[in-house]
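Comments concern the structure below.
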């Protein structure tokens, strides 16, 4: 599995939700509405979810293995940190392609 693209859809360094991300896997499937959130122990990646009829939030899509979760999290955080360090006048929502060779 290769993460072929990571896109910043929204960037808000001051808010609790720092960014909204979309990723593409193998140039074949896209996952939207991944959130980069400031948690109690730092930046975390939250997969897309929705509220059920009972009020409980449930992930719509999520990695099954720890290896895949770590790979997705690293790619998303790398792009988020790059985008959050951009200088004034640069577009915050430029597209970045993940380097999946590590």
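Shape call for segment 3-87 from the C-alpha gyration tensor, a ≥ b ≥ c root eigenvalues: rounded (a/c under 1.5), prolate (a/b greater than b/c) or oblate?
Verdict is oblate for segment 3-87.
Using the count of nearby Cβ atoms within 10 Å as a rough guide to exposure, how do 72, 11 rank from fewest to most?
11, 72
Hey, fewest Cβ within 10 Å first, where do 28, 1, 20 land in order?
By the 10 Å Cβ count, ascending, the order reads 28, 1, 20.
Give the separation of the Cα centroids, segment 1-50 to segment 56-89, in Å.
About 5 Å separates the Cα centre of segment 1-50 from the one of segment 56-89.
Coordinate-derived values only; no laboratory data. Since the model is a prediction, treat every value here as computed from it, not as a measurement. Counting neighbours? That spans all protein chains shown, and the Cβs are built from the backbone with ideal geometry, glycine included.
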